[in-house]
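Novice: Below you will find the structure I want to go over with you.
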């Protein structure tokens, strides 16, 4: 089967293992393309893609835009702050007005969980979720898993730890779903206040001890503290960033105590000195820059495979 089983990519939920491996195979081919002297292919020539970002983004937006241009698509960028949304226009009206201009595919980031699925149910065009609130970020999970598969091979029975602010992270949920789909063992680690209740119902272990978790895992995916998504005016989730760094921050001393090497990931942006120190982020254990490169290839693969279903 060489087609995705879904029309939209609104989350990892709904994807099959075959879908994921199909995306990985296409990404592998597109990775060869973006490392050539001429980095463009005409795969999506004559298609128009709208990037709708209702929330600030730098890395994801640039990665999608680069992926679209590498595929020779026409690209329209939309910013909510300078649009009629700020005047009260609804999401569906905004998108329908854009689609009336003959846009073929929409990439959307939105602060509200479920916004991309809501939109996919309302409009007759392909929708790709570039992050919806604290819900999902599917292309980040796909590029993380692809990067790990490049490094470690088959992920079945590999031990992967996701460390940090699980409660407010859309990356964590998508990563858990994707890694479990590929047969990995997943553990979340962080302060009790930042671990959602009932998360073990997803088949993951829960730990509040970073050193013990590092001894268990083959991979540590370090997440930043999502201060911008934490409810304003509420009791802090931990005493201070300094205390968080001392208890859950990854540094060279912790790595040196291990009897095996582990692979380090981080979805970015990095708060250096909080969840991870610079010597670890830039060290031999880290594949953070591989993640950035693979992000363009994965997004090219997703856009190409979804567009081929039209």
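Novice: Which condition number does residue 30 fail, the rest of (1) at pLDDT 95 or above; (2) assigned by TED's automatic domain parsing to the domain that holds residue 116; (3) surrounded by fewer than 19 Cβ atoms within 10 Å (Cβ to Cβ) being met?
Specialist: Failed condition: (3).
Condition check ((1) at pLDDT below 95; (2) part of a loop (DSSP other than H, G, I, E, B); (3) within 18 Å of the chain's Cα centre (by Cα)) across all residues:
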residue	(1), (2), (3)
255	no, no, no
261	no, yes, no
274	yes, yes, no
279	no, no, no
296	no, no, yes
303	no, no, yes
309	yes, yes, no
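Novice: Looking only at helices (runs of 4 or more DSSP H) that fall completely inside the stretch 59-157, which ones have 2 or more residues that are crowded, with 19+ Cβ neighbours inside 10 Å and within 18 Å of the chain's Cα centre (by Cα)?
Specialist: 59-70, 115-122, 138-152
Novice: Whether any residue in the stretch 64-85 is outside the structural domain of residue 287 (by TED's automatic domain parsing), under 30 Å from residue 183 (Cβ atoms) and in contact (Cβ under 8 Å) with a residue 24 or more places away in the chain is what I want to check.
Specialist: Narrowing the stretch 64-85 to residues outside the structural domain of residue 287 (by TED's automatic domain parsing): 64-85.
Subset that is under 30 Å from residue 183 (Cβ atoms): 64, 67.
Going one step further and asking which of them are in contact (Cβ under 8 Å) with a residue 24 or more places away in the chain, we end up with 64, 67.
Yes, that holds for at least one residue.
Novice: Here's something else I'd like to know. Can you spot a residue in the stretch 4-21 that is surrounded by 18 or more Cβ atoms within 10 Å (Cβ to Cβ), at pLDDT below 95 and in contact with a helix residue (DSSP H, G or I) (Cβ under 7 Å, 6 or more places away or on another chain)?
Specialist: No, every residue in the stretch 4-21 fails to be surrounded by 18 or more Cβ atoms within 10 Å (Cβ to Cβ), at pLDDT below 95 and in contact with a helix residue (DSSP H, G or I) (Cβ under 7 Å, 6 or more places away or on another chain).
Novice: Can you tell me which of (1) buried (at least 17 other Cβ atoms within 10 Å of the Cβ); (2) not in a loop (DSSP other than H, G, I, E, B) is the one residue 25 doesn't meet?
Specialist: (1)
The values are calculated or read from the model by the stated rules, or taken from the named source; none is laboratory data. Just so it is clear, the structure is predicted and the values come from calculations on it, not from any experiment. Neighbour counts run over all protein chains shown; Cβ positions are idealised from the backbone, glycine included.
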